[in-house]
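The values are calculated or read from the model by the stated rules, or taken from the named source; none is laboratory data. These numbers were taken from a predicted model, which means no experiment stands behind them. Note that we place each Cβ from the backbone using ideal geometry, even for glycine, and neighbour counts take in every protein chain shown.
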Amino acid sequence: MTTHLKASDLKTPDISGETVRVELGERGYDIVIGPNTLAGLGDRIAALAPGARVAVVSDRTVEGMHGDALRAALKGKVEIAATITVPPGESSKCFAELERVTNALLDARIERGDLVIAFGGGVVGDLAGFAAAILRRGVRYVQVPTTLLAQVDSSVGGKTGIDTAHGKNLVGAFHQPALVVADTALLDTLSPREFRAGYAEVAKYGLIDDPGFFAWLEGSWREVFAGGPARIRAIATSCRAKARVVAADEREGGQRALLNLGHTFGHAFEADAGFTGRLVHGEAVAIGMIMAFGFSARLGLCAPEDEDRVARHLAAVGLPTKPSHIEGGLPSAGRLLDLISQDKKVERGALTFVLVEGIGKAFVRKDVPESEVRAFLVERLEQ
């Protein structure tokens, strides 16, 4: 994976925003990043699919806060066939809501030439994208992410899906969007907790293989939180990194797995928490990334100081840094191992982890001994 930070990645961006291209041949698409980009959505969709109708899938919170702005952007440009809302939160990524959304799209007579708009955070993007993927065997969709986590990660790359009792995102499809419009002004309405959770995914891109970006974040995270050019810069840099990986490995056959740094541990904690509000995805990823560094240090792959540095930075922004920070009690090591064994990267029962040799030096390690994982989990659950 070659996502090393370039001078062009850290230049002060145009305050009006940036556009990042995901190069997938005829299925390539733009990620439009900047303040007030939502206002141009109607023109972009009309140019992308002249005469197409759209169905909007959102959650009730986003619809209440930003629905009028979305409708104003589409008015006179694109016909809205239906607006479908789901309850906010990870619990909506389930079979019941997938069935309800899909039936509502059929009730609205959404055809293959029409578009679905996923208007919300990662939950809405994953759910609406999966519904679009299976509706009439594939309908195009547009991602309009309204959270930091969705803007830098889940809206890009075409991973769609739902959760089950066995774990997170275990049922889904690869289905690329036709367009991503990331309006950075919408992030001003996020709660501090939601913004911090999204920031974990921003930091991830530096930790994988871009130490320059991580060092920049250590010095500039307050400006990213405050908004303006630094926020656009962080989002655009993250999107460029993901776009390059997706173009090289669309279906996660190799290097794209690196984007799951911290997710194997994090997803297990999320699943144990029942995908409830007591642990949100970005918080789980923060804990998981620190554990990935700690496990790597235990295996002699990196220095303990690397874990300390990552933990200091994530703690500084207000993220949880260890399992004991999860409210509501912790599972046993055995329970976590059972959940980890359902991870999508498992091959023929062998555990696979994204590990590190240092900050910016992540790699995929297959056939990790279960005994090592169990011993590490026992140790960390006692801290």
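Some observations on this one:
- Of the residues making up region 219-245, those that are aliphatic (A, V, I, L, M), within 16 Å of SER155 (Cα to Cα) and out of contact with any helix residue (DSSP H, G or I) (no Cβ under 7 Å at 6 or more places or on another chain) are ALA236, ALA243.
- Scanning region 28-66 for residues that are more than 22 Å from the chain's Cα centre (by Cα) and under 25 Å from CYS239 (Cα atoms) gives ALA39, GLY40, GLY42, ASP43, ARG44, ILE45, ALA46, ALA47, LEU48, ALA49.
- Within the span defined as region 180-191, every residue fails to be in contact with a Lys or Arg (Cβ under 6 Å, 6 or more places away or on another chain), of a type in the set (D, E, K, R) and in a helix (DSSP H, G or I).
- Of the candidates GLY282, GLY206, GLY294, GLY254, the single residue that is at pLDDT 95 or above, small (Gly, Ala, Ser) and not assigned by TED's automatic domain parsing to the domain that holds GLU372 is GLY206.
- Residue pairs meeting the criteria (Cβ under 7 Å; at least 6 apart or on separate chains; first at pLDDT 95 or above, in region 298-311; second buried (at least 17 other Cβ atoms within 10 Å of the Cβ) and of a type in the set (Phe, Trp, Tyr)): ARG298/PHE376; CYS302/PHE293; ASP306/PHE293; GLU307/PHE293; VAL310/PHE293
- Being under 30 Å from ARG278 (Cβ atoms), surrounded by fewer than 19 Cβ atoms within 10 Å (Cβ to Cβ), in the same structural domain as ALA39 (by TED's automatic domain parsing) and modelled with pLDDT of 95 or more is a property that ALA128 lacks.
Rundown of residues vs (1) touching a helix residue (DSSP H, G or I) at 6+ places or on another chain (Cβ under 7 Å); (2) of a type in the set (Gly, Ala, Ser), yes/no style:
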residue: THR264; (1), (2): yes, no
residue: ILE290; (1), (2): yes, no
residue: GLY300; (1), (2): no, yes
residue: ALA311; (1), (2): yes, yes
residue: SER341; (1), (2): no, yes
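- Lone qualifier among THR61, THR83 - being more than 16 Å from ALA49 (Cβ to Cβ) and buried (at least 18 other Cβ atoms within 10 Å of the Cβ): THR83
- Of all the criteria given as (1) part of a helix (DSSP H, G or I); (2) outside the structural domain of VAL310 (by TED's automatic domain parsing), the one not satisfied by HIS267 is (2).
- When the strands (runs of 3 or more DSSP E) confined to region 60-152 are screened for residues that are of a type in the set (Gly, Ala, Ser), those reaching at least 2 such residues are found at 79-86, 115-120.
- Tabulated pairs, region 129-140, first in contact (Cβ under 8 Å) with a residue 40 or more places away in the chain, second among the acidic types (Asp, Glu), C-beta under 9 angstrom, 6+ apart or interchain: ARG140/ASP114
- GLY172, sole failed condition from (1) buried (at least 24 other Cβ atoms within 10 Å of the Cβ); (2) not in a helix (DSSP H, G or I): (1)
- When the criteria are applied in full, ASP343 meets the requirement of being within 26 Å of GLY206 (Cβ to Cβ) and charged (D, E, K, R).
- Those residues of region 175-199 which are aliphatic (A, V, I, L, M), more than 26 Å from THR321 (Cα to Cα) and crowded, with 18+ Cβ neighbours inside 10 Å, in sequence order: ALA178, LEU179, VAL180, VAL181, ALA182, LEU186
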